[in-house]
Amino acid sequence: MSSETKERIVTMTTKDKVVTDDLTGRKPTDGEIVTFTKRTNELTNRFLKGALCNQRVLDSLQKEIEFGWNIIDCDVPVFIPEGWNVLLDEVQLPNRVLGKIKLNKQLTDIIELFISEQQKGDKVINGNKLREILKDKRVYTAHVLDYLLENTRLIPEEWKEKTIFFWGTIYLRAGDGRLYVRCLGWRDDRWSWSCYRLVSGWNAGHVSAVSAS
């Protein structure tokens, strides 16, 4: 594809956060169980007596429960690059995956890499036409893209051969007034994001992240 039909915004990466046995994935020792029991009993007693800030306790416990679950909150404001805007909800694709996504399975069990019939083989489709096709798909937002950049250990090895687009968040770039979709790709031995204009041509290597269920 020529440089006239696509544009890449390079590059944002985030260092991989490595999960070790010191944080998750290890059963507690007998001593840790005793300490945990004492502390939770003390916390419960103080909570029931009204000696603590109730909401802060509940919020802290929820964060600990979710730690290590790989929770993606798709209801919080999405990352917006400088000079860009996000389209209003009513003009985004209608079947976006919103709410909290719990990645308790392999990523490939949750995310399907979709290509339309008009992209297969040597065929190329205009991004605006692809947008129409994706109206019937449950597309993932850029929340998922940014979460994966912060947790690259979750990204399947086979995705390195593709450019994965997150159509659930369509941006307007102020500089040229055109619409863009951000994507995840493997470049220069690291994961990073870039983007394509909707007026560009999309081929078989440009896959869309949609719900596998």
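What to note about this one:
- Approximate spin-label separation Asn128-Ile71, in nm, with each point projected 7 Å along Cα-to-Cβ: 4.1
- Average projection area in nm² (convex hull over Cα atoms of segment 71-211, one quarter of hull surface): 8.4
- Sum of side-chain charges, Val139 neighbourhood, beta-carbon under 11 Å (Lys, Arg +1; Asp, Glu -1): +3
- Order of Phe165, Phe114, Phe79 - criterion: other Cβ atoms within 10 Å of each residue's Cβ, fewest first: Phe79, Phe114, Phe165
- Here Val78, Val207 are placed in order of increasing Cβ neighbour count within 10 Å, fewest first, which gives Val78, Val207.
- Where only alpha carbons of segment 146-213 are counted, the Rg and the Dmax (Å): 12.6, 37
- Stretch gain in nm, segment Glu42-Arg190, where the contour uses 0.36 nm per residue and the Cα spacing is subtracted: 48.7 nm
- The ranking of Tyr147, Tyr180, Tyr140 from fewest to most other beta carbons within 10 Å of each one's beta carbon is Tyr147, Tyr180, Tyr140.
- Neighbour net charge for Phe166 - beta-carbon separation under 11 angstrom, K R +1, D E -1: +1
Bear in mind these aren't lab numbers, they're just calculated from the coordinates by the rules spelled out. Because the structure is predicted, anything quoted here is derived from the model rather than measured. So basically every Cβ, Gly included, is an ideal-geometry build from the backbone, and we count neighbours across all protein chains shown.
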